[in-house]
Structures are given as C-alpha cells and as structure tokens.
Amino acid sequence: MGLNNIKIRKDFGKLKNWIGNKEVDSLATNFIELHTPYTGEVIGHVPMGTSADVDAATKSAKEAFKVWSNTNIKERVQVMFRLKALMERDFDELKQLVSLENGKTLAEAQGDVAKAIEVLEFGCSIPNKISGPMQEVSNGIYCQVIKEPLGVVASIAPFNFPIMVPMWTIPIAITVGNTMVLKPSEQVPLGSMKLAALMKEAGLPDGVLNIVHGGADVVNALCDHPDIKALSFVGSTKVAKLVYGRSAMAGKRVLSLGGAKNHLIVMPDANIETAPAQIVDSAMGCSGQRCMAASVMLAVGDVEKHIDGMVAYAKSIKLGEKQGTIINKQSVERINKYINEAEKMGAKVLVDGRNMKPVNADMTNLEGGYWIGPTLIDHVSADHPAACEEIFGPVLSIVRVKTLEEAVKVENKNPYGNAASIFTTNGAHAQYLFRNANAGMNGVNVGVPVPREPFGFGGWNDSKFGNGDLTGDQGIDFWTQDRKITTKFIEPQTRNWMS
Ligand code: NAD
C-alpha cells in the first residue's frame with residue numbers, strides 16, 4: 001500500500017463545479033488546498049463555493065426536472081444499469097481515487113466502492129418495487145397511490161466514504177425522478193467528480209446531477225434555496241442539527257444523519273477464536289473513521305482472554321499496510337488528545353498508536369502524512385470523554401462492568417444512537433440487547449452492523465434528525481411523495497355516503 005501503489009495522476013489543479021453535465025468554473029474567490037493524507041502533499045485546490053454557485057446548479061437541476069420527471073422510470077433506470085457496468089469497468093481507478101484523497105488502504109477503498117455499487121443495484125430494482133397499491137374501496141370506486149418525485153433535491157456528504165455516501169442518495173433519488181445538487185466533502189471532492197463523469201457517460205441527461213464544491217456557505221445556501229424541495233445530510237451531529245433546523249425552517253423535507261458513539265458489549269461466553277479480531281477490526285478499520293465503528297467496548301465480567309487476544313491482534317496490525325491514515329492534521333491532534341487525557345485520568349493504554357510510523361518500504365515522504373496506529377485503552381471510566389464523546393479515530397475505550405444490565409445502562413446514557421452490538425453465544429443475552437439498547441442498528445457477533453439492501457440505514461437519537469432512513473425501501477419513501485387518487489367511472493346502483 002502507499003502512494004507509490006496509487007497509479008493515477010496526483011495533481012488535480014483547481015477543481016470546478018459540475019453543472020449541466022460539464023465542468024464549470026466556480027464563482028468562489030477562495031480556494032483551499034486538497035491534501036492526500038498519506039503524505040500531506042497538495043494534490044489540488046477546492047473552490048469554497050457561494051450561494052451564486054448553488055443558484056446556478058439549482059437552476060440547471062430545475063430545468064432538467066421538467067424532462068427527467070416525465071421520462072418513464074423504466075428508461076430512467078437504464079442509466080443506473082449502465083452506470084453499474086461503468087463503475088465495474090473503472091473499479092480500480094475509483095478505488096485508487098478514494099485511497100488517494102481519503103487515505104484508506106486500497107482494500108478499504110474497495111469496500112467503499114463495492115458498497116456504493118450495492119446501493120446502485122438496489123436503485124436498479126426500484127421500478128419493480130415502486131408500484132403503489134390500488135383497491136376497490138367501495139362499489140366501483142378505486143383508491144390508488146402513485147409515488148412521484150419531489151423536484152430538485154440536495155445531498156450533502158462527509159469525508160469518510162467519498163464514493164459510498166454520495167451513492168447512498170444518487171441512485172435512489174435520481175431513479176425515482178428527482179434531479180440533484182450534490183455537495184461532496186471539501187476534503188474528498190474527487191470521487192464525486194468521477195461519479196458525475198461516469199453518469200454522463202451512462203447517458204444521464206444534462207442537469208440531472210450537479211455538483212457544487214465548498215463548505216458551510218454552500219450547505220447553508222442549499223438549506224435556504226426555495227427551489228430545493230428535500231435535502232439529505234450525512235456528517236457530524238453538530239452540523240446535522242444545524243442543517244436539520246435550517247432546512248425544516250425553509251419548509252423542506254430533511255433527513256440529517258449525525259455522528260455516533262457505538263458500544264460493543266463483550267460477554268465472557270463470546271467466541272474466543274473469532275471475537276477478538278472482529279472487535280479490533282470494527283474499531284480500527286478505516287482508522288476508526290466510520291460512523292459504525294465500535295468506540296466503546298463494555299467488558300462484562302471476566303473477559304481477560306478476549307482482551308489478551310485483542311491486544312495481540314491489534315499489535316499485529318501494520319500501519320500503512322492493513323491500516324490507513326487519519327483524514328487531516330487537526331484530527332490527529334484531536335484523537336491524540338483523547339488518548340493523552342484518558343491516560344492522565346488513570347486509564348491504561350494497552351496498545352499505543354500515538355507516534356506510530358507507517359511501515360512500508362515502497363512509500364516515500366510518509367512522515368508528512370496523518371498517522372495514528374491502533375489504540376486500545378483499558379479501564380476507562382464510563383463518564384470519561386474517551387468513553388462518551390465521538391473520537392472518530394482508531395481508538396477503542398474499554399469500560400469494565402459487572403453485568404449485562406450495567407453494560408446496557410452505560411450504552412443507554414449516551415446521547416447518540418447509531419449502533420450497539422453484543423458478542424455472545426447466548427441468545428438470551430442478544431435478546432436483552434435488542435429489547436433495551438437505545439440505538440437504531442444492533443449487531444450480534446457483528447462488529448459493524450450495517451443493514452444491507454433492501455434494509456434502510458439510520459440511527460436514533462443524536463445520530464439522526466428527521467423521519468425514516470436514508471437507504472433501502474425507506475430511501476424510496478424519503479425521495480418520493482405519494483399521490484392519492486380516487487376514481488369512479490361507473491355509477492353505483494345504490495348510493496351511499498361515499499358515492
Ligand atoms: P462534518 O459535519 O464536518 O461535514 C459534513 C458536511 O458538512 C461536509 O460536506 C462539510 O462541508 C459540511 N459542513 C461542515 N461544517 C459545516 C457547518 N458549520 N455548516 C454547514 N455545513 C458544514 O463531518 P465530517 O468530518 O466530514 O464527517 C465525519 C462525521 O460524519 C462523523 O461525525 C461521523 O460520525 C459522521 N458520519 C455519520 C454517518 C451516519 O450515517 N450517521 C455516516 C458517515 C459519517
């Protein structure tokens with residue numbers, strides 16, 4: 001792994017917006033540097049767009065909506081079938097782009113693209129899922145529901161899955177007939193631009209997908225724009241709340257997915273062969289920068305052997321080979337601060353990723369990159385920041401508890417509610433978690449319990465603001481509105497209150 005293995009260009013110049021199926025200069029006067037987290041080297045410059053950019057993209061999407069929404073869904077979906085073929089053709093390049101801009105290992109980047117394709121496959125199935133119900137509700141009177149698109153919609157993405165998160169929304173929102181303005185994270189804008197080019201090649205008409213680069217100004221303009229009917233957001237809780245409130249005030253339908261602090265309960269009866277590696281992989285995979293990563297392990301009773309296994313496995317992970325980078329320098333500082341503070345407050349650092357250097361002979365200049373190795377901290381108290389706040393790094397805080405009930409109480413106290421998992425071979429323990437955990441996505445012997453299609457993705461509490469889920473069948477509901485039709489062509493022989 002490493003920059004030398006990434007065989008694509010590494011200078012992307014000044015990025016442009018994507019409007020009307022072509023690159024268009026941003027109206028921004030301010031550009032920020034785009035770094036590869038491997039080395040900290042500058043690989044491009046990203047415009048910090050303005051409300052005028054959002055306006056131009058929305059105009060293009062609004063115009064395209066007139067034709068796209070009237071194109072039959074069986075025709076619309078053909079673009080998605082062709083996109084799947086093109087994503088498979090360019091799988092390697094997509095994977096390398098993700099690795100370059102986000103710092104994932106190539107294996108992790110492969111997962112990002114593969115999961116995006118899975119959502120796309122779901123998008124391809126929508127024409128067979130979307131037929132609404134019809135019933136004769138009274139003699140000769142029929143009620144029917146038709147799912148219709150909303151209009152221009154917006155999708156705002158975070159840095160941690162440059163291809164997958166935009167693809168949580170694109171195949172569903174666009175196949176059902178909406179047109180879109182996408183705002184990728186300014187830290188990983190390249191994957192989205194490649195997707196847009198592939199969609200054009202797949203035959204997506206001009207203006208159906210538009211991209212505006214930038215930060216808070218672009219997000220605020222999307223929330224406020226009167227021609228944008230619905231908006232999805234994925235990112236931190238602080239911003240998710242702001243976006244939810246601002247968009248709702250502007251009368252939009254909004255689903256805003258926020259941050260997480262995921263708990264993983266380990267029972268003494270957990271499989272000693274498989275659980276330790278799975279637990280560590282959940283916490284350290286993608287350098288802990290997954291909203292579904294285990295962040296707190298609730299160790300119930302005597303699980304010393306499991307912890308020994310975790311320590312051995314975590315120490316075997318080679319930074320720069322099996323584990324990639326942190327997204328930026330500020331994040332490295334934030335994560336290290338949590339580890340330092342936990343240690344100061346008496347926790348024991350069992351595996352220390354601070355100052356760990358990547359190992360790989362073929363890599364150059366990696367000292368400038370943003371690295372933290374796998375970190376396991378034991379005896380963290382349940383109310384310590386490392387056990388309560390989102391760290392978003394390769395750090396697992398182990399909190400010792402005596403019983404399963406106590407473990408669930410700790411989990412319940414947390415304001416987030418994305419994932420909660422249990423490692424056990426006892427069905428009753430698993431049932432207890434389902435009945436009592438205050439989190440939307442639960443796992444049994446699964447460290448990263450992401451629901452796969454057709455099931456929807458979304459947490460509870462401070463991990464999600466708004467109704468429904470973003471992907472799967474619930475995604476179709478979010479991106480459509482129901483038209484309810486009542487018809488009568490034959491006069492009934494006897495009239496009643498309904499006729
Ligand atoms: P972030 O909230 O900093 O940024 C997300 C998006 O919001 C970006 O496009 C960014 O440009 C924009 N933004 C940033 N600050 C803003 C502001 N003040 N006003 C308006 N817009 C703003 O998140 P991130 O650091 O890119 O991503 C990591 C976070 O995303 C973590 O908290 C993680 O848990 C969360 N996440 C959640 C899910 C989920 O499904 N719940 C999935 C992936 C990531």
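Summary table below
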| quantity | calculated |
| --- | --- |
| Enumeration of residues in the stretch 379-403 that are over 21 Å from Met292 (Cα atoms) and either within 16 Å of the ligand (Cβ to nearest atom) or open to solvent by less than 50 Å² (accessible area, probe 1.4 Å) (or both) | Val401 |
| Close pairs (9 angstrom Cβ cut-off, 6 or more residues apart or separate chains): in contact (Cβ under 8 Å) with a residue 24 or more places away in the chain in the stretch 304-315, of a type in the set (D, E, K, R) and in a helix (DSSP H, G or I) anywhere | Tyr313/Asp281 |
| Breaking point among (1) aliphatic (A, V, I, L, M); (2) more than 11 Å from the ligand (Cβ to nearest atom); (3) open to solvent by 10 Å² or more (accessible area, probe 1.4 Å), for Ala221 | (2) |
| Unmet criterion (only one of (1) within 15 Å of the ligand (Cβ to nearest atom); (2) touching a strand residue (DSSP E or B) at 6+ places or on another chain (Cβ under 9 Å)) for Met267 | (1) |
| Single residue of Ser295, Ser232, Ser256, Ser282 found to be buried (at least 24 other Cβ atoms within 10 Å of the Cβ), of a type outside the set (Val, Ile, Thr) and assigned to a helix (DSSP H, G or I) | Ser282 |
| Leu190 open to solvent by less than 20 Å² (accessible area, probe 1.4 Å), farther than 23 Å from Glu121 by Cβ and within 16 Å of the ligand (Cβ to nearest atom) | yes |
| Enumeration of residues in the stretch 108-147 that are open to solvent by 50 Å² or more (accessible area, probe 1.4 Å) and in contact (Cβ under 8 Å) with a residue 24 or more places away in the chain | Glu121, Lys129, Val137, Asn139, Tyr142, Gln144, Ile146, Lys147 |
| From the options Thr71, Thr58, residue that is polar (S, T, N, Q), closer than 30 Å to Gly472 by Cα and in contact with a strand residue (DSSP E or B) (Cβ under 8 Å, 6 or more places away or on another chain) | Thr58 |
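Conditions tested, residue by residue: (1) closer than 22 Å to Glu108 by Cβ; (2) crowded, with 16+ Cβ neighbours inside 10 Å.
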| position | (1), (2) |
| --- | --- |
| Pro415 | no, no |
| Asn418 | yes, yes |
| Phe423 | no, yes |
| Asn426 | no, no |
| Tyr432 | no, yes |
| Gly440 | no, yes |
| Pro454 | no, no |
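Results for (1) within 26 Å of Val181 (Cβ to Cβ); (2) at pLDDT below 95; (3) within 13 Å of the ligand (Cβ to nearest atom); (4) not in a loop (DSSP other than H, G, I, E, B), shown as yes or no for each residue.
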{"site": "Val448", "(1), (2), (3), (4)": "no, no, yes, no"}
{"site": "Gly458", "(1), (2), (3), (4)": "yes, no, yes, no"}
{"site": "Arg483", "(1), (2), (3), (4)": "yes, no, no, yes"}
{"site": "Arg495", "(1), (2), (3), (4)": "no, yes, no, no"}
{"site": "Met498", "(1), (2), (3), (4)": "no, yes, no, no"}
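The values are calculated or read from the model by the stated rules, or taken from the named source; none is laboratory data. Because the structure is a prediction, the values reported are computed rather than measured. A quick note on method: Cβ atoms are made from the backbone with ideal geometry, for glycine too, and the neighbour counts reach across all protein chains shown. Protein only, heavy atoms only, side chains kept; ligands, DNA and RNA dropped before computing areas. Shrake-Rupley method; radii C 1.70, N 1.55, O 1.52, S 1.80 Å.
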